[in-house]
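The values are calculated or read from the model by the stated rules, or taken from the named source; none is laboratory data. Note that the structure is predicted; figures quoted are calculated from it, not measured. Here the Cβ is made from the backbone with ideal geometry for all residues, glycine too, and neighbour counts use every protein chain on show.
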Amino acid sequence: MLESTFINGYAFWLLFGLLLLASEFFMPGLIAAFFGIGALAVGLLTLVGVIETTSVQLTVFSLLSLSALFGLRRHFKRWLQGTEDNPAVADQDDAGFIGARVEVLSDFNDGFGDVLLNGAKWDAESSEPLSAGEHAWVIDHHGIVLKLSRQQP
């Protein structure tokens with residue numbers, strides 16, 4: 001049985017593993033990385049003499065890569081992308097609006113008016129009557145419309 005010394009050597013598996021890991025940067029999908037880890041593991045096992053034949057190398061590569069892919073991808077994907085199931089519905093107060101003190105610029109007619117927040121004019125709504133010159137606090141927001149209250153949250 002004649003086996004290729006190129007595929008049988010540890011250098012092939014180590015280079016193949018590094019290429020697969022590098023390909024993840026150019027085509028991210030969190031798939032090639034697990035095959036790269038499998039190839040690196042086979043390369044190291046071949047280097048230390050644990051694996052010798054090509055058929056065993058291919059079998060170990062397949063088992064390690066697929067096990068890592070199906071067993072770890074879900075955890076790594078959550079770690080890299082976050083845990084929000086639906087970012088459109090999630091709390092979007094990453095700007096830190098809630099709890100901010102604003103100055104009322106115009107009297108609120110029918111619950112709507114303008115306020116000053118961080119030096120910018122914002123549209124706002126409130127169920128409480130607010131007059132120009134008063135201060136209020138942001139209790140929520142829907143897009144670019146702030147919801148206000150006289151009471152600090």
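Here are a few things to note about the model shown:
- Extreme residue, surrounded by the most Cβ atoms within 10 Å (Cβ to Cβ), among residues of region 114-139 that are small (Gly, Ala, Ser) and closer than 21 Å to Gly96 by Cα: Ala124
- Taken over region 1-20, the criterion of being modelled with pLDDT under 65 and hydroxyl-bearing (Ser, Thr, Tyr) is satisfied by Ser4, Thr5.
- Filter result for the condition that a residue is more than 31 Å from the chain's Cα centre (by Cα) and modelled with pLDDT under 90, over Thr54, Thr83, Thr59, Thr46: Thr54
- Taking each residue of region 121-140 that is of a type in the set (Val, Ile, Thr) and looking for partners that are surrounded by 15 or more Cβ atoms within 10 Å (Cβ to Cβ) with beta-carbon atoms closer than 6 Å, six or more apart or interchain, yields Val138/Phe97; Val138/Ile98; Val138/Ala100; Val138/Leu146; Ile139/Lys147; Ile139/Ser149.
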